[in-house]
Amino acid sequence: MLDLKMIRQKPDFVKEQLGNRNVDPADIDALLDEDTARRDLIAKSEQLKSTRNQVSGEISTKKRNKEDASGEIAEMQKVSAEIKELDEQRRATEAKVYDMAAHLPNIPHPDVPISATEDGSVELRRIGTPRKFDFEPKPHWTLGEDLGILDFERGAKVSGSRFLYYIGDGAKLERAVYNFFLDQHEAEGYTEVLPPYMVTDESMYGTGQFPKFKNDAFRITTQDLSLIPTAEVPLVNYYRDEVIPAEKLPVYFTALSPAFREEAGSAGRDTKGLIRLHQFNKVEMVKFTKPEDSWDELEKLTNNAESLLKKLGLPYHVITLTTSDMSFTAAMTHDLEVWFPEQNKYREISSCSNCTDFQARRAHIQYRDDDGKLQYVHTLNGSGLAVGRTVAAIMENYQNEDGSITIPDVLVPYMHGKTKIEKQA
């Protein structure tokens, strides 16, 4: 969340910056009004407590001197009741202030393109040339069903729409992809983590999924747990309510996990194939850094994701998302979009974001600076990569006229030497 002190001191700046993220300036005014009311209640309560302490001392003196203190005692009983009422009002107002603040997105970096929609993103670079086919390329779902390696029909029968079975070489290709990703990230200095797949509400709050996006989560209501929408949640919350020793920074984590998403706002979009499922595998990268290092670390993070696409030989480009299109928690996001021949367009396969101190404030993750003062770390996250989308991109870009799929060279060792996927027996 944003620093309330900063909002109080620079309300016009906050209104301007969050206005670029489609936040109504009236929301900032309402927050500040509630915050003023909260601080007024604290001041009144503290003043009455000071009076009560002073009079309590006088009552004790009178009692020692065997003097009548009944009037003061009766008055202090009224004061105590008033303090109790003020403190209850303060707690209610405080909860409202924090709820309002928790719904505000991060302040965008000055270089983020300003737009009220996703249109206006800036292309940073384009790598690789889309393949020219001498036959009509097929979509990956048709290829997968024809080869017998993807079974959407039985996935829907067993679990409903947007679920599937990977079969035989399809399952092996998925496994090859994520093992390749993890090995590459380990070589780049990331520590592999196998995290929990269910997390508490506090954890979802810490990374910004709650309260704003609570309806998008798959909930375990009997336990107040949520299935993770990304490994970012358990990885960032690993250090929740902790002070990371400064000498350990930066910390790099990577993890393979399933991601579970309601996709409530995607009705009718990408209903076929591997692009938008309720359950999919993803390799995640998360970083904890000092504030002065985080922007360099964002470029490194993006390069780590890019290196995977380069080694797989998949054409892609990198764009900086607009103020309206980047995630709620991000100050800047670079999206990697890979080429899909059948759609004749680039599709997102990774979002690499610097969340600055936004998540660290919510999750209370700090370190001590050179002066020994507690400071909030900066957190970064990025997909490295979305596994199912990578499998889909490989299938479409490496398809052959006979419907087979050539395995990218870097994955052949992970496929036990197999160089091509052909129709399942």
Task: Inter-part distance where region 333-373 and region 1-64 are each reduced to a Cα centre, Å - done: 33
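Tell me the net charge near Ser45. Cut-off is 13 Å between Cβ atoms, Ser45 excluded, with +1 for each Lys or Arg and -1 for each Asp or Glu.
+1
Could you give me D for region 309-425, from Stokes-Einstein at 20 °C and 1.002 mPa s, where the hydrodynamic radius is the Kirkwood radius over C-alpha pairs? Units µm² s⁻¹, please.
126
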TODO: Could you tally the net charge around Asn179, taking each other residue with its Cβ under 13 Å from the Cβ of Asn179, Lys/Arg +1 and Asp/Glu -1?
DONE: -2
- [ ] Working with all protein chains in place, sort Arg175, Arg154 by solvent-accessible area computed with a 1.4 Å probe, largest first.
- [x] Arg154, Arg175
- [ ] Under 14 Å from the Cβ of Ala246, count the other residues' Cβ atoms, weight Lys and Arg +1, Asp and Glu -1, and hand me the total.
- [x] -3
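Can you sort Lys310, Lys423 by solvent-accessible area, 1.4 Å probe, largest first?
Lys423, Lys310
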- [ ] Among Leu4, Phe218, Leu314, flag the residue with its Cα farthest along the positive direction of the charge dipole of the chain, charges on Cβ as +1 for Lys/Arg and -1 for Asp/Glu.
- [x] Phe218
Open item on the list: Rolling a 1.4 angstrom probe over the protein chains, ignoring ligands and nucleic acids, what is the accessible area of Val23 in square angstrom, nearest 10?
Closed with: 20
Task: Surface accessible to a 1.4 Å probe, Tyr367 within the full protein complex, Å² - done: 10
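Give the relative contact order (percent, whole number) for the chain; include only Cα pairs under 8 Å separated by 6+ residues.
Once normalised by length, the contact order is 19 percent.
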Task: Carbon and sulfur %, accessible surface of region 318-385 computed with the full protein complex present, 1.4 Å - done: 34
- [ ] At 1.4 Å probe size, with every protein chain present, just tell me what the per residue accessible area of the chain comes to in Å².
- [x] 48
Task: In nm, spacing of pseudo-spin labels at Gln375 and Arg125 (7 Å Cα→C-beta vector) - done: 2.9
Task: Accessible-area value, Asp33, 1.4 Å probe, nucleic acids and ligands omitted, Å² - done: 110
Open item on the list: If you take percent of Cα pairs over 38 Å apart from the coordinates, which of [x] 34; [y] 23; [z] 18 do you get?
Closed with: [x]
Task: Relative contact order of region 97-248, defined on C-alpha pairs under 8 angstrom at six or more residues apart (%) - done: 15
Task: Nitroxide proxy distance, nm - points 7 Å out along Cα→Cβ at Asp99 and Lys423 - done: 6.0
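The values are calculated or read from the model by the stated rules, or taken from the named source; none is laboratory data. It should be emphasised that the depicted structure is a prediction, and the values quoted were computed from it without experimental measurement. Using ideal geometry, Cβ is built from the backbone for each residue, glycine included, and neighbour counts are taken over all protein chains shown. With ligands, DNA and RNA removed, areas are computed over all heavy atoms of the protein, side chains included. Shrake-Rupley method; radii C 1.70, N 1.55, O 1.52, S 1.80 Å.
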